[in-house]
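J.: First, the structure itself, so that you have it in front of you.
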Amino acid sequence: MLHDKFVNKYIVTGILVNNTPLHIGGGEDEFTPNAVDNSVVRYKNGEPFIPGSSLKGVLRSYIERILNSGYDERFSSCFIVNEECLSDKKVEALKNDSKNEKDFAEKIYDNMCTVCKIFGSKYFASKIHISDAVPIEKIYTGKRDGVAIDRDTLTAADGKKYDFEYVSPGSKFNFYMTIDNLEEAYEDILKLIINLLAKGEIKIGGKTSAGLGDVQLKDYKVYKITDKNLKKYLLNGPSEEMRWQNV
Ligand SMILES: [Zn+2]
């Protein structure tokens, strides 16, 4: 169902800890061994942080892979990068078949895969929003040697070393995620996302294949706002009585 009014809002708060060194480069998510500047992404005041868009990106691709492996037949996923669930041709056909704009929007929504419905596509805004994870306490960083990779042969270039900066393991960041107007049928995807984070399954940033970037969500709380407690939430924020009991 497509909603143009408030139905519900899920809020996940907690502490995100990196269990291994973490390198998220400034400007890009992907680690580029040949880049000149291999420092971690920082605010203007010098504080390192974890961009919410990076977290959302890795969660999306993880969920895509799981759903594509036949994890649960209720849910579907396209590969948004190279094989979208809605081709331009299909969109054109749906448009021709629609009575009006609203009908068209509903047809588009119905034809999107589960992942696009939740994480967004070029036709629909994302239901999920993850804020930049801001340090809770002072963050320490270090530098490591890496081996430069030859672009053509993809092997280690002779003797070429470079430094890259990392956030020290055990650093703590505030985690804040919301999902708006999630269909109850998709609540299991939200549970999956929370479990992946809580079990430390998510790897983020560069050099994850070398063990970097393991992050884990700790001390988390999940709230569900509905029309019944919306007013209270808007006036006073989330409270214990709004806790979602299903996780
Ligand atoms: Zn899709």
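The values are calculated or read from the model by the stated rules, or taken from the named source; none is laboratory data. Keep in mind it's a predicted model, so treat the numbers as computed, not measured. Here Cβ is always computed from backbone atoms with ideal geometry, including for glycine, and neighbour counts include all displayed protein chains. Accessible surface is based on the protein model in full, side chains and every heavy atom, while ligands, DNA and RNA are left aside. Shrake-Rupley method; radii C 1.70, N 1.55, O 1.52, S 1.80 Å.
J.: Would you mind checking LYS172/LYS232; LYS107/LYS224; LYS127/LYS228 for any pair whose Cα atoms are more than 25 angstrom apart? Can you show the working numbers first?
T.: Numbers: LYS172/LYS232 30 Å; LYS107/LYS224 28 Å; LYS127/LYS228 20 Å.
Violating the 25 Å limit, Cα to Cα: LYS172/LYS232; LYS107/LYS224.
J.: For the chain, what is the calculated [θ] at 222 nm in deg cm²/dmol (nearest 500), taking -39500 (n - 2.57) for each run of four or more DSSP H residues and dividing by its residue count?
T.: Numbers: 6 runs with 62 residues, N = 247.
Rounded to the nearest 500, the figure is -7500 deg cm²/dmol.
J.: Helix 52-68 versus the longest principal axis of the chain: what is the Cα-based angle in degrees, 0 to 90, to the nearest 10?
T.: The answer is roughly 70 degrees.
J.: Return, in residue-number order, each cysteine of the chain whose C-beta is not under 4.7 Å from any other cysteine's C-beta.
T.: CYS116
J.: Right, another one. In terms of modelled amide H atoms, which long-range or inter-chain residues lie less than 5 Å from the amide H of TRP244?
T.: Hits under the 5 Å cutoff: VAL222, TYR223, LYS224.
J.: Can you tell me the 0 to 90 degree angle between the C-alpha axis of helix 187-198 and the longest principal axis of the chain, rounded to 10?
T.: Helix 187-198 and the main axis of the chain meet at about 20 degrees.
J.: Excluding ligands, DNA and RNA, what is the solvent-accessible area per residue of the range 8-242 at a probe of 1.4 Å, expressed in Å²? Provide the component values of the computation, followed by the final result.
T.: Details: 12670 Å² over 235 residues.
That works out to 54 Å² for each residue.
J.: Please report the carbon-and-sulfur percent of the accessible area for the chain; probe 1.4 Å, protein heavy atoms only, DNA, RNA and ligands left out. Intermediate values should be presented prior to the final figure.
T.: Numbers: 6590 of 13710 Å².
Carbon plus sulfur share of accessible area: 48 percent.
J.: Tell me whether the range 174-229 comes out rounded, prolate or oblate; compute the Cα gyration tensor, take square roots of the eigenvalues as a ≥ b ≥ c, and use a/c under 1.5 as the rounded threshold. Could the numbers behind the result be given before it?
T.: Working: a/c = 2.98, a/b = 2.28, b/c = 1.30.
Here the range 174-229 falls in the prolate category.
J.: Of the listed pairs LYS9/LYS99; LYS56/LYS89; LYS199/LYS231; LYS117/LYS221; LYS5/LYS122; LYS5/LYS231, which have alpha-carbon separations greater than 26 Å here? Please report the intermediate quantities before stating the final value.
T.: Details: LYS9/LYS99 31 Å; LYS56/LYS89 28 Å; LYS199/LYS231 34 Å; LYS117/LYS221 24 Å; LYS5/LYS122 21 Å; LYS5/LYS231 15 Å.
From the list (LYS9/LYS99; LYS56/LYS89; LYS199/LYS231; LYS117/LYS221; LYS5/LYS122; LYS5/LYS231), the Cα-Cα distance tops 26 Å for LYS9/LYS99; LYS56/LYS89; LYS199/LYS231.
J.: How much net charge surrounds THR114 when only the other residues with a Cβ under 14 Å from the Cβ of THR114 are counted, with Lys and Arg +1 and Asp and Glu -1? Spell out each step's value before the answer.
T.: Values: positive: ARG60, ARG65, ARG74, LYS117, LYS127, LYS191; negative: GLU64, ASP72, GLU73, GLU84, ASP110, GLU183, GLU184, GLU187, ASP188.
Net charge around THR114: -3.
J.: Efficiency by 1/(1 + (r/R0)^6): what FRET value for GLU241 and LYS138, r their Cβ-Cβ distance, R0 = 30 Å, to the nearest 0.05?
T.: Values: r = 35 Å, r/R0 = 1.16.
That gives a FRET efficiency of 0.30.
J.: Moving to a separate point now. Label the range 56-100 by shape, choosing from rounded, prolate and oblate, from the square roots a ≥ b ≥ c of the eigenvalues of the Cα gyration tensor; if a/c is under 1.5 it is rounded, and otherwise prolate applies when a/b is larger than b/c, oblate when it is not. Present the calculation step by step, with values, prior to reporting the outcome.
T.: Working: a/c = 2.93, a/b = 2.08, b/c = 1.41.
Taking the square roots of the gyration eigenvalues as a ≥ b ≥ c, the range 56-100 is prolate.
J.: Then there is this: Given a Förster distance of 35 Å, report the FRET efficiency between ASP4 and SER209 from their Cβ-Cβ distance, rounded to the nearest 0.05. All intermediate terms of the calculation are to be shown ahead of the outcome.
T.: On the way: r = 43 Å, r/R0 = 1.23.
Once rounded, the FRET efficiency stands at 0.25.
J.: Right, another one. Based on the Cβ-Cβ distance from ASN82 to ASN111, what FRET efficiency comes out when R0 is 22 Å, to the nearest 0.05?
T.: Numbers: r = 18 Å, r/R0 = 0.84.
After rounding, the FRET efficiency stands at 0.75.
J.: Can you order the peptides 219-232, 82-95 by their average number of other Cβ atoms within 10 Å per residue, highest first? Don't skip to the answer; put the middle values down first.
T.: Details: 219-232: 15.1, 82-95: 12.9.
In descending order of packing, they fall as 219-232, 82-95.
J.: With no solvent and one point on each alpha carbon, what is the Debye value of log10 I(q)/I(0) for the chain at q = 0.16 Å⁻¹?
T.: Normalising to I(0) and taking log10 leaves -1.21.
J.: Could you check the simple spin-label distance between SER61 and SER39, using points 7 Å along Cα→Cβ, in nm with one decimal?
T.: Going from the SER61 label point to the SER39 one covers 2.6 nm.
J.: Between ASN19 and SER126, what is the label-to-label distance in nm when each label sits 7 Å out along the Cα-to-Cβ direction?
T.: Modelled inter-label distance: 2.4 nm.
J.: Which shape class, rounded, prolate or oblate, goes with the range 83-123 when its Cα gyration tensor gives a ≥ b ≥ c as root eigenvalues, a/c under 1.5 marks rounded, and past that a/b bigger than b/c marks prolate?
T.: Details: a/c = 2.61, a/b = 1.50, b/c = 1.74.
Judged from the Cα gyration tensor, the range 83-123 comes out oblate (a/c at least 1.5, b/c at or above a/b).
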